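Remarks on the structure that follows.
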Amino acid sequence: MSDTPARDRVLVTADWVEAHLADPRVVLVEVDEDTTAYDKGHIAGAVRLDWKSDLQDPVRRDFVSKRQFEQLLSAKGIANDDIVVLYGGNNNWFAAYAYWYFTLYGHADVRLLDGGRKKWELDSRPLTEEVVRRPLTQYVAQEQNRAIRAFRDDVLAALGTQNLIDVRSPDEYAGRLLAPAHLPQEQSQRPGHIPTAVNVPWSKAAADDGTFRPDAELVSLYQEAGLDLDRDTIAYCRIGERSAHTWFVLHELLGLDRVKNYDGSWTEWGSLVGVPITLGEEPGDVTDDA
Amino acid sequence: MCGAGAGGAAVGGGVDLATATIIEGVVRRGEAPVEGAYVRLLDATGEFTAEVPTDAEGQFRFFAAPGRWTVRILAPRATVTDRPVSADRGDRIHLEVALDG
């Protein structure tokens with residue numbers, strides 16, 4: 001297993017999925033922000049996870065608990081020894097978020113469909129509206145693996161000592177936009193980025209069709225951005241979904257051990273009282289008091 | 001903050017049209033609107049900024065900022081189409097995109 005390139009263990013092609021549609025060990029899971037996408041057609045056999053209602057606590061801003069996650073996966077008919085293949089819209093942002101989430105709760109074999117829903121559609125591969133019901137399971141999750149999740153205090157402590165990587169678009173990083181441009185821009189928090197964070201938009205890691213770039217190109221991408229790949233790294237974006245995509249690249253494809261996703265991301269940092277913020281294209285430094 | 005779906009005709013959600021910079025349009029194949037085309041918004045350096053699938057009426061919409069942009073359209077069986085756009089604050093720019101495939 002350790003001889004298998006990381007990419008082949010965590011990423012599957014659309015051809016692989018078509019060849020495994022009848023494989024009982026494989027569970028396809030579609031994860032979207034726009035949850036109506038699944039109703040309009042999904043890959044045969046795929047169950048749906050709703051990024052918001054299934055994976056977020058309904059009251060406070062946090063994940064569902066270990067017990068809630070176990071109930072969710074049991075109800076969806078996902079077993080501990082299933083190969084879970086995630087895919088979705090938005091270039092797999094929320095599928096990558098779910099991948100990180102499944103990893104956080106210790107699922108043994110979870111993979112991403114390279115290119116997600118978009119690549120599948122652009123290839124004109126078949127989708128179905130058939131409702132999928134799987135028999136219930138008794139899923140058992142692990143405790144959250146905090147080694148891959150950063151909270152705001154971890155980020156504060158990392159200022160000046162660890163890599164921070166902001167994977168939003170250059171306009172969001174500089175403070176000209178507060179959200180991805182497919183969303184209205186009225187937001188309560190301040191614009192800008194966390195001082196010292198380098199800007200490597202998530203999209204640089206993917207081609208137009210949503211598939212990941214080759215490993216060698218990915219390594220050059222982060223090195224040229226000034227990221228010291230030997231240091232601990234925290235990735236963030238606006239709500240932690242695009243940075244889950246970059247976390248997947250750094251931790252899963254490139255095999256870097258000490259990479260965390262800060263799911264509080266800009267919607268938390270940009271609302272905190274008293275924390276430093278940098279505006280403009282430069283990373284800035286910790287002593288900035290502007 | 002949710003609703004990453006396709007752009008529609010009415011701008012809701014308390015958006016101030018006087019200060020917003022909206023780039024929107026319709027993708028068609030012949031006369032027929034194309035649902036599920038992928039429309040990407042690239043900034044002045046060519047970097048990805050956003051992407052939406054078109055809705056049942058072929059419509060898409062971005063909430064951008066003043067500046068130069070490129071709207072790129074990807075659809076099955078069609079060549080990739082790029083449309084340059086220059087937008088100012090308060091603009092609501094409409095594009096009609098015809099696919100060749």
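The values are calculated or read from the model by the stated rules, or taken from the named source; none is laboratory data. For clarity, every value in this text was computed on a predicted model and none was experimentally measured. Neighbour counts are summed over all protein chains in view; Cβ atoms, including those assigned to glycine, are modelled from backbone coordinates with ideal geometry. Calculation scope for accessible area: heavy atoms of the full protein, side chains included, ligands and nucleic acids excluded. Shrake-Rupley method; radii C 1.70, N 1.55, O 1.52, S 1.80 Å.
Consider just the alpha-carbon atoms of chain A and return their Rg together with their Dmax, both in angstrom.
Computed over the Cα atoms of chain A, radius of gyration and Dmax are 18.7, 59 Å.
In whole Hz and in residue order, list the ³J(HN,Hα) couplings for the stretch B:54-59 that follow from phi through the Karplus curve 6.51 cos²θ - 1.76 cosθ + 1.60, θ = phi - 60°; x for Gly and Pro.
Rounded to whole hertz, the list is 6, 8, 4, 8, x, 8.
Among B:Thr70, B:Thr21, B:Thr45, which one moves the most in a GNM of chain B with springs linking Cα atoms closer than 10 Å?
The residue that fluctuates most here is B:Thr45.
Compute the distance in nm between two label points, each set 7 Å from the Cα along the Cα-to-Cβ direction, one at B:Arg68 and one at A:Gln189.
Placing both labels 7 Å along Cα→Cβ, they lie 3.2 nm apart.
Note down the Stokes-Einstein diffusion coefficient of the stretch A:84-161 in µm²/s, whole number, using a Kirkwood radius over alpha carbon pairs, 20 °C, and 1.002 mPa s.
Using the Kirkwood radius from Cα pairs, D works out to 141 µm²/s.
Using modelled backbone amide H atoms (1.01 Å from N, in-plane), which distant-in-sequence or interchain residues come within less than 5 Å of A:Arg149's amide H?
For A:Arg149, whose amide H was placed from the backbone, the distant partners under 5 Å are A:Asn261.
Write down the accessible area per residue of the stretch A:125-174 in Å², having rolled a 1.4 Å probe over the full set of protein chains.
55 Å²
For the protein assembly as shown, with all protein chains present and a 1.4 Å probe, just round the carbon and sulfur fraction of the accessible area to a whole percent.
49 percent
Taking all pairs of different Cα atoms in the stretch A:44-129, averaging 1/r and flipping that mean, what Kirkwood radius in angstroms comes out?
Computed over the stretch A:44-129, the radius equals 13.8 Å.
For the stretch A:136-290, what is Rg from Cα atoms divided by 2.2 N^0.38 Å, rounded to two decimals?
1.04
Step by step: find N for the stretch A:167-252, compute 2.2 N^0.38 Å, then divide the Cα radius of gyration by it. What's the final number?
1.10
So for chain B, what are the equivalent ellipsoid semi-axes in whole Å, largest first, each being the square root of 5 times an eigenvalue of the Cα gyration tensor?
Semi-axes (√(5λ), whole Å): 21, 16, 11.
What are the radius of gyration and Dmax of the stretch A:114-199, computed over its Cα atoms and given in Å?
Rg and Dmax of the stretch A:114-199, Cα atoms, are 19.9, 52 Å.
Structure shown: which of A:Lys40/A:Lys204; A:Lys76/A:Lys260; A:Lys76/A:Lys204; A:Lys76/A:Lys118; A:Lys118/A:Lys204 lie over 26 Å apart, alpha-carbon to alpha-carbon?
Over 26 Å apart, Cα to Cα: A:Lys40/A:Lys204; A:Lys76/A:Lys260; A:Lys76/A:Lys204.
For the interface of chains B and A, what total accessible area is buried with a 1.4 Å probe, rounded to the nearest 100 Å²?
2600 Å²
Quantify how much of the Cα-Cα distance distribution of the stretch A:213-278 extends past 20 Å, in percent.
32 percent
Quick one: the Cα spread of the stretch A:37-190 along its three principal axes, in angstroms, biggest first?
That gives 48, 38, 28 Å along the principal axes, largest extent first.
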